[in-house]
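Take a look at the structure set out below.
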Amino acid sequence: MDVFNTTYYKVQKRFLSICGGWPYELNRISTTSRIMFITISLVFLIIPEVLSLFKNLQDFDFVMTMLPILCGSVMGLCKGLIIFGYNDEVKKLMDGLQKDWQDLCYEESELLILKKYAKTGKQVTVTIAVFTYTAVLATYLLSCIAPVMDLVIPLNESRTYALIFPGDFYVHTDKYFFLVLTMELYGLVCVCHLIVTVDSWYVVLTFHCCGLFMVLSQRLEKLSDWTFKAKGHHMMQENMAINEDRIIHLALKKCIQLHLRSVKYGEQINSMFNVSLFVDVTAGIFIASASAVKFVLSTDDPSQRIKYGAIYLTQTGRIFFNTLPGQLIYDHSSQVYIAASQSKWYNLPDKYKKMLIMIMMRSLRPCEFIVAEMITLNIELFSMVTRTCLSYSTIMLSTQK
């Protein structure tokens with residue numbers, strides 16, 4: 001079966017196909033989509049932001065205003081370039097996912113585990129996508145309030161028009177307000193789509209790896225049921241009776257192979273998304289910190305407080321969703337040792353206990369997502385980043401008094 005056409009991965013496939021990153025459809029249309037997303041992100045978003053920032057470097061308040069938006073834009077573009085540049089690695093991960101579903105579909109209980117984790121991954125990514133696009137739409141509508149109110153309830157003088165971000169487009173923004181606003185919207189949608197696409201695949205692939213570890217744990221817990229193992233994993237050969245000793249050997253062999261497969265898959269995910277996660281975490285710290293500082297500085301402007309408070313909460317949520325998969329990988333790979341310890345290993349023949357020890361020794365070193373060989377993605381990192389950002393805002397708040 002083609003697992004990517006099922007309900008579990010169809011949404012993520014659509015995300016990647018829209019921006020031209022689907023590795024199984026490399027043609028002129030996908031190449032055009034890639035160029036379009038990169039060009040729009042640069043021309044309509046990043047370049048105007050950089051020009052505007054350089055013109056106002058002496059204004060600390062303006063720098064704090066632009067820093068979250070610019071960091072987010074650069075982060076989205078980098079994620080897109082990474083996913084486009086690692087096309088072969090993306091294909092290998094998806095081939096592995098497809099093969100896992102084909103190999104584990106014969107046993108209903110194991111297939112249910114894969115479906116459970118795939119469904120959870122889909123729910124998380126849909127939540128991220130809905131939240132992100134809703135925030136983009138809300139930001140656009142907020143910028144439209146002033147010109148709409150001028151038409152509905154005009155005043156003696158025009159209201160102040162506010163763009164999504166104060167970019168430098170070398171045109172009169174009040175005169176061409178809706179044109180510039182539409183350009184910013186296109187750029188923001190492209191960048192956000194790249195971020196959502198990369199994050200969605202990071203989440204679903206990680207949840208799939210967690211599912212593999214859970215299948216392995218279930219196999220280890222049922223090692224004593226040799227009949228189940230023989231039937232569930234098709235270890236019976238045609239027209240050949242296999243004795244119990246042979247069944248035990250094949251059952252443990254399957255467990256070792258699945259363990260190595262799961263560990264290797266986790267390492268491939270870490271390698272594939274390493275640069276992307278480094279950019280995400282680094283930019284996320286800047287965005288959250290700058291947003292917290294800007295929130296404190298905007299004491300006289302409630303709308304700015306709402307805006308940057310929302311940016312801070314959004315980025316904090318993104319950091320959580322980026323660190324959560326790393327924590328789940330750690331927890332599920334650690335669970336393998338517990339399952340092996342509870343597998344009634346004492347009933348195994350001595351020569352097969354050594355095979356189980358191989359799994360137990362490797363599972364003592366759980367899988368971790370390590371970014372740039374120095375940052376471990378887990379809940380502790382999320383807690384540290386949150387405390388750091390809040391400390392910055394507290395310091396700024398104390399200086400304002």
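The values are calculated or read from the model by the stated rules, or taken from the named source; none is laboratory data. Since the structure is predicted, the reported quantities are computational estimates derived from the model, not experimental observations. Positions of Cβ are generated from backbone atoms using ideal geometry, with glycine treated the same way; all protein chains shown enter the neighbour counts.
Miscellaneous remarks
- Candidates Ser73, Ser109: the one that is among the small types (Gly, Ala, Ser), part of a helix (DSSP H, G or I) and within 24 Å of Ser276 (Cα to Cα) is Ser73.
- In the range 99-119, the residues that are closer than 16 Å to Ser262 by Cβ reach residues that are among the basic types (Lys, Arg) and surrounded by fewer than 22 Cβ atoms within 10 Å (Cβ to Cβ) with C-beta atoms within less than 8 angstrom, at least six apart or across chains, in these pairs: Asp100/Arg261.
- Filter pass, Ala146 being under 24 Å from Leu77 (Cα atoms), part of a helix (DSSP H, G or I) and aliphatic (A, V, I, L, M): no
- Hits in the range 303-359 (condition: among the small types (Gly, Ala, Ser) and closer than 18 Å to Leu258 by Cβ): Ser333, Ser334, Ala339, Ala340, Ser341, Ser343
- Restricting the range 145-186 to residues that are within 17 Å of Met66 (Cα to Cα) and of a type in the set (D, E, K, R) leaves a set whose member that is surrounded by the fewest Cβ atoms within 10 Å (Cβ to Cβ) is Asp168.
- Restricting attention to the range 9-30 and to residues that are surrounded by 20 or more Cβ atoms within 10 Å (Cβ to Cβ) and in contact with a Lys or Arg (Cβ under 8 Å, 6 or more places away or on another chain), the residue that is farthest from Cys190 (Cα to Cα) turns out to be Tyr9.
- In the range 2-53, the residues that are among the charged types (D, E, K, R), part of a helix (DSSP H, G or I) and closer than 25 Å to Asp95 by Cβ: Lys10, Lys13, Arg14, Arg28, Arg34
- Of residues in the range 253-303 being in contact with a strand residue (DSSP E or B) (Cβ under 8 Å, 6 or more places away or on another chain) and over 30 Å from Ile359 (Cα atoms), the one surrounded by the most Cβ atoms within 10 Å (Cβ to Cβ): Val281
- Filter result for the condition that a residue is at pLDDT 85 or above and either under 27 Å from Glu267 (Cβ atoms) or in contact with a strand residue (DSSP E or B) (Cβ under 8 Å, 6 or more places away or on another chain) (or both), over Phe37, Phe15: Phe15
- Of the set (1) within 20 Å of Val204 (Cα to Cα); (2) modelled with pLDDT of 90 or more; (3) of a type outside the set (A, V, I, L, M, F, W, C), all apply to Asp88 but (2).
- Residues within the range 263-301 that are farther than 18 Å from Cys71 by Cβ and within 18 Å of the chain's Cα centre (by Cα), tallied: 10
- Whether a residue is touching a Pro at 6+ places or on another chain (Cβ under 8 Å), modelled with pLDDT of 80 or more, polar (S, T, N, Q) and assigned to a helix (DSSP H, G or I) was assessed, and Thr206 passes this test.
- Taken over the range 320-365, the residue count meeting the criterion of being part of a loop (DSSP other than H, G, I, E, B) and within 27 Å of Met272 (Cα to Cα) is 2.
- Taking first residues from the range 10-29 that are free of Cβ contacts under 8 Å to residues at least 12 places away in the same chain and partners that are in a helix (DSSP H, G or I) and buried (at least 21 other Cβ atoms within 10 Å of the Cβ), the Cβ contacts under 6 Å between residues at least 6 apart in sequence or on separate chains come to Trp22/Leu16.
- Single match in Tyr170, Tyr161 (criterion: on the phi > 0 side of the Ramachandran plot and assigned to a loop (DSSP other than H, G, I, E, B)): Tyr170
- The residue of the range 253-305 that is nearest to Ser200 (Cα to Cα), among those that are among the acidic types (Asp, Glu) and without any contact (Cβ under 8 Å) to a residue 60 or more places away in the chain, is Asp301.
- Residues of the range 306-330 classified as touching a residue at least 24 places away in the same chain (Cβ under 8 Å), surrounded by fewer than 18 Cβ atoms within 10 Å (Cβ to Cβ) and more than 18 Å from the chain's Cα centre (by Cα), total: 1
- If you go through the range 267-306 and keep only what is polar (S, T, N, Q) and either in a helix (DSSP H, G or I) or closer than 28 Å to Asn378 by Cβ (or both), you end up with Gln268, Asn270, Ser271, Asn274, Ser276, Thr282, Ser289, Ser291, Ser303, Gln304.
- The range 85-106: number of residues that are touching an Asp or Glu at 6+ places or on another chain (Cβ under 8 Å) and in a helix (DSSP H, G or I): 1
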